[in-house]
Amino acid sequence: MGEVAVLIPTLRRPESLDRTLRSLAAQSGAKALIEAVVVVDNSPEGSARPVAESWSPALPILYVHEPRPGVATARNAGLAKVAADYVAFLDDDEEAPPSWLETLLGVHKAFGADVTFGPWRGQASAAPAWKRPYLDAFFSRTGPERSGLTDQRYGCGNSLMTRATTLSGPAPFDPAYDQTGGEDDRLYQALTRRGARFAWAAEAWVWEHAPDHRCRIAYTLRRAFSFGQTPTTDCAHQGDWPGVLRWMAIGAAQTAIYGAAAAVLWATGSARRLAMTDRAVRGLGKVIWWVTPKFYGQAEVARSA
């Protein structure tokens, strides 16, 4: 039996889930490393079961049906079914090269980390050529060139956590963020207050395949707005109101400066116009931090229907 449970929440993406599971079956030392591959099906009708169970001969599949839509609820449902020492989180639009899990776990142990993150390499293959540079970068996650401890916090996809020190209790991910995302940020805040150690595994990268509906500028700018809100909402959750005002002021300056630059770049047809617009919108998110766009849960159920 392995020591890692790989947890994959999924919602109506059978082809993408199949690609993710295929990449796990090809992992170096998969039988020695993986205790269970937990597929948490968040669709009300349980549509992922055939794909998940088709991989049961090659992988120790544990299929969990959680019909209540929400990313935090899905992750908590999967965690309730396993007791592995380590939990790796992989999204259903990610594809891991054969060395991924072995590398991620090795860095995690080498630095005595509680949480370890790896990079994403974005692939917006459905996008027009003029949008590809921006979208590939948008769906990528970069960090230090070398592995080591870090003060930076990243999203839950492509991460590994020590169960005993990070995922205690029946609901370590707050279901209040089921519809909006951000449940991982709240968890990391709590872990930071407890003195947790975070690490970056530079070589434990995965492909991030952006589905067609996400290769739209309207979608990425909504996400950019949400990403920009993070520092201000973090301060608000901690009751740090001077911090909230400071981030709002920073955001207002970014909106004005980057917005003006974006207007010029759009007028001249520059290839950088989308990236600059993205930066302006992130600044706006710092200012209007109390508006919460909904990307997950019921909103995704409705969209995928």
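The values are calculated or read from the model by the stated rules, or taken from the named source; none is laboratory data. Bear in mind the structure is a predicted one, so any value in this text is a computation, not a measurement. Because the Cβ atoms are built from the backbone with ideal geometry, glycine has one as well, and the counts that use them run over all protein chains shown.
Would you point out which residue out of V64, V51, V82 is assigned by TED's automatic domain parsing to the domain that holds N158, aliphatic (A, V, I, L, M) and part of a loop (DSSP other than H, G, I, E, B)? Only one candidate passes the filter, namely V82. L160 fulfils the conditions (1) surrounded by 15 or more Cβ atoms within 10 Å (Cβ to Cβ); (2) farther than 24 Å from V37 by Cβ; (3) modelled with pLDDT of 95 or more except for a single criterion, (2).
Given the criterion touching a residue at least 40 places away in the same chain (Cβ under 8 Å), part of a loop (DSSP other than H, G, I, E, B) and either within 13 Å of the chain's Cα centre (by Cα) or closer than 29 Å to E35 by Cβ (or both), identify the matching residue among T180, T103, T116, T165.
Working: T103 fails: part of a loop (DSSP other than H, G, I, E, B); T116 fails: part of a loop (DSSP other than H, G, I, E, B); T165 fails: part of a loop (DSSP other than H, G, I, E, B).
Only one candidate qualifies: T180.
For region 175-230, the set of residues classified as closer than 18 Å to Q152 by Cβ, of a type in the set (V, I, T) and crowded, with 19+ Cβ neighbours inside 10 Å consists of V206 only. Just one of the listed residues (G122, G118) is surrounded by fewer than 21 Cβ atoms within 10 Å (Cβ to Cβ) and not aromatic (F, W, Y), and it is G122.
Restricting attention to region 187-240, the residues that are part of a helix (DSSP H, G or I), charged (D, E, K, R) and within 15 Å of the chain's Cα centre (by Cα) total 2. Note on region 44-78: among residues that are of a type in the set (S, T, Y) and under 26 Å from G169 (Cβ atoms), the one that is farthest from the chain's Cα centre (by Cα) is Y63. Checked against (1) touching a Ser or Thr at 6+ places or on another chain (Cβ under 7 Å); (2) in contact (Cβ under 8 Å) with a residue 24 or more places away in the chain; (3) small (G, A, S), A262 meets all criteria but (2).
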